[in-house]
Amino acid sequence: MAMDANEIERRIKAALPDAVVEIRDLAGDGDHYAATVISEQFRGKSRVQQHQLVYEALQGDMGGALHALALQTNVPD
């Protein structure tokens, strides 16, 4: 079963409470998403480490319930 955008956002915000999260359904199929995540918790971390924090928030569902996620991360201005 596919994961919907609200569930993706909920899980990210549960792990990164200060995050500003924008989720877009890229193909309209509920399977291919893009996410922009902005969080102070990313400050001082490499892009790989930032992405790992988001993937951890998704609790192992990448490649399963969540087929594809194009991810952009950043720190607040």
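The values are calculated or read from the model by the stated rules, or taken from the named source; none is laboratory data. Just so we're clear, the structure is a prediction, and the values are computed from it rather than from any experiment. Positions of Cβ are generated from backbone atoms using ideal geometry, with glycine treated the same way; all protein chains shown enter the neighbour counts. Areas reflect the complete protein model, heavy atoms only, side chains present, ligands, DNA and RNA absent. Shrake-Rupley method; radii C 1.70, N 1.55, O 1.52, S 1.80 Å.
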Exercise for review: Inspect segment 57-72 for any residue being at pLDDT below 95 and assigned to a helix (DSSP H, G or I) and give the result as yes or no.
Suggested key: yes
Review point. Mind checking whether some residue in segment 44-52 is closer than 18 Å to Asn74 by Cα, modelled with pLDDT of 95 or more, more than 12 Å from the chain's Cα centre (by Cα) and basic (Lys, Arg)?
Key: yes
Revision key, fill the gap. Checked segment 17-33 for anything assigned to a strand (DSSP E or B), farther than 16 Å from Ala68 by Cα and open to solvent by less than 80 Å² (accessible area, probe 1.4 Å); matches are Val21
Exercise for review: Evaluate the following for Leu53: is it touching a residue at least 12 places away in the same chain (Cβ under 8 Å), in a strand (DSSP E or B) and open to solvent by less than 60 Å² (accessible area, probe 1.4 Å)?
Suggested key: no
Review point. Do we find a residue being small (Gly, Ala, Ser), in contact (Cβ under 8 Å) with a residue 24 or more places away in the chain, open to solvent by less than 60 Å² (accessible area, probe 1.4 Å) and in a helix (DSSP H, G or I) anywhere in segment 34-48?
Key: no
Practice item. Could you check, for segment 7-16, whether at least one of its residues is assigned to a loop (DSSP other than H, G, I, E, B), touching a Ser or Thr at 6+ places or on another chain (Cβ under 8 Å) and surrounded by 11 or more Cβ atoms within 10 Å (Cβ to Cβ)? Key: yes
